[in-house]
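J.: There's a structure below that I have some questions on.
Just so it is clear, none of the values below were taken in a lab; they were calculated from the coordinates. These numbers were taken from a predicted model, which means no experiment stands behind them. Cβ placement follows ideal geometry from the backbone for every residue including glycine, while neighbour counts extend to all protein chains displayed.
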Amino acid sequence: MGMTLARQLSAEDHDLTIIDHRTEVLESCVEDFDVMAYEGNCATMEVLREAGIESTDLLLAMTNADEVNLLCCMTAHIMNPKIHTIARIRDPEYAKQAIAMRSAFALSMVVNPDNSAAREIGRLIKYPGFLKRDTFTKGMVEIVELRVDADSKLNGIPMYKMSSIANCQVLVCAVLRNGTTQIPSGNFELKEGDRIFVTAPSGNLAILLKSLGIITHKARKVLIAGGSRISYYLAKNLLNQGMDVQIIERDEARCHHLACLLPEASIIHGDASNQYVLNREGLEQCDAFVTMTGVDETNLIMSLYASKKKVPQIITKLSRAENLQILDELTVGSTICPKELCASQVVRYVRAMQNQVGAAVTVHAIADGQAEALEFVVDDNTLHCGEMLKNVKLKKNILIACIMHKGAIDIPTGDSFYMPGDTLVVVEGGQGEVRQLNDIFEV
């Protein structure tokens, strides 16, 4: 988690200091990123003072121990009362307590990668048909990911025909082709293997799937491989929706623990990477299969096997985000990286600290992190209010994907415009230059 944040924040030119008790980790950080490094216990006053905590704006406590993260934030706040603190809290037993006692623990924000990943997976299972879904404007607008297969109605279609094929108001805001992200023009032609990112009002998504011939049905039986914390959060979510949940876990003690926490779920002691175990537990009969072990390679192999068995929906958890770009040719369904989801939350907070006025309300990384979708609220300081978009010059690889005006959603055309109080969803092609809304315009 710390390395993921270091990569993203150093790319945005923040002055970073890394504290860790492992020499090899610090050496790797210094080699890969432009950071200062200090070896020691981050929860002690001595180490924090040496690292310059008194002049620090933000502390990110991201160790593997929740207790250390809480103590680190409390200690830092005593030494610097003006500091902002964000702690990673993963243990379900601490989750509610940490939020309820935020002031006592001196926490500005609590993040939980496991819970964030479980919520994302739960949404994908509840609304199948898309590889990924990101929401904006309080759930009224979404950017969804689809793959263009050989028999897809979109194969060989130029962008300007997209809405007529979809039979509803949609906009392709980004295309990932051969590992490279492009912001498409109206004449851009889709090809087999493209992964496309479509902006649409949430109410249009069912119409989009039906128009494309993608048949989905509500999941009733979900099989989860691995009994991690994410599996617990996910199973609890799915059980509350009335689904039948099975978890296969190889550690017997963990199985007993999960059985106590989730009495309504079926907990199976076994090795989910063994195809005999998967077949015995009804892999072919399940509606969704989620691979949740701690080994990415194992998750990928299990997902490929599930694809061979024609499981309708497959979701693969990956711990390392750098693996995402090698998966274009593999049929592993949707991919979820908890660290990336959590890092997006932190980056949004950091940007809001930088730009108190005009900061992004929501930030989502799309296209394997090569592009960002940002939500902004238009104010009196925003440039070009009331002007038609065809007369507004945007920077290269930037697109206004959606305008919300007084609760009405507009997928913009050249004649569209925005006014103070409106909400804009903006997609930028990975340059990382957009910090506030006015950054999208060509000067």
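J.: Could you tell me which of the pairs K317/K406; K82/K396; K138/K236; K138/K390; K126/K339; K96/K138 are separated by over 32 angstrom between their Cα atoms in the structure shown?
T.: K317/K406; K82/K396
J.: Place a point 7 Å from the Cα of I214 along the Cα-to-Cβ direction; which residues of the range 97-125 have their backbone N under 19 Å from it?
T.: Backbone N within reach: 120-125.
J.: Using the Karplus curve 6.51 cos²θ - 1.76 cosθ + 1.60 with θ = phi - 60°, work out ³J(HN,Hα) for each residue of the range 375-389 in order, rounded to whole Hz, and write x for Gly and Pro.
T.: Each residue of the range 375-389 in turn: 10, 10, 9, 6, 10, 5, 8, 6, 6, 6, 4, x, 8, 5, 4 Hz.
J.: Something else about it: For the range 129-211, what is the per residue volume of the convex hull drawn over the alpha-carbon atoms, in cubic angstrom?
T.: 88
J.: Separate question: In whole Hz and in residue order, list the ³J(HN,Hα) couplings for the range 91-107 that follow from phi through the Karplus curve 6.51 cos²θ - 1.76 cosθ + 1.60, θ = phi - 60°; x for Gly and Pro.
T.: 5, x, 5, 9, 4, 5, 5, 5, 6, 5, 10, 4, 5, 5, 8, 6, 9
J.: What is the set of long-range amide H partners of I314 at a cut-off below 5 Å, with H atoms built 1.01 Å from backbone N?
T.: F289, S334
J.: Compute the relative contact order of the range 219-311 as a whole-number percentage, counting only Cα pairs closer than 8 Å that sit 6 or more residues apart in sequence.
T.: Relative CO of the range 219-311 lands at 34 percent.
J.: Percent relative contact order of the chain, based on C-alpha pairs within less than 8 angstrom and at least six residues apart?
T.: That works out to 11 percent.
J.: Pop a pseudo-label 7 angstrom from the Cα along the beta-carbon direction at both Q97 and E433 and give the gap in nm to one decimal.
T.: The modelled label-to-label distance comes out at 4.9 nm.
J.: Taking other Cβ within 10 Å of each residue's Cβ, how do I89, I268 sort, fewest first?
T.: The fewest-first ordering by Cβ neighbours comes to I268, I89.
J.: Of F33, F376, F136, which has the largest mean-square fluctuation in a 10 Å C-alpha GNM of the chain?
T.: Highest fluctuation of the listed residues: F33.
J.: Continuing with this model, one more query. Ratio of Rg to Rh for the range 2-111, alpha carbon only, Kirkwood?
T.: Ratio of gyration radius to Kirkwood radius: 0.95.
J.: Compute and list, largest first, the equivalent-ellipsoid semi-axes of the range 354-436 from the alpha carbon gyration tensor, each √(5λ) rounded to a whole angstrom.
T.: The equivalent ellipsoid of the range 354-436 has semi-axes of 20, 15, 12 Å.
J.: To continue, here is another question. Just add up the charged neighbours of E24: K/R +1, D/E -1, any other residue whose Cβ is under 15 Å from the Cβ of E24.
T.: -4
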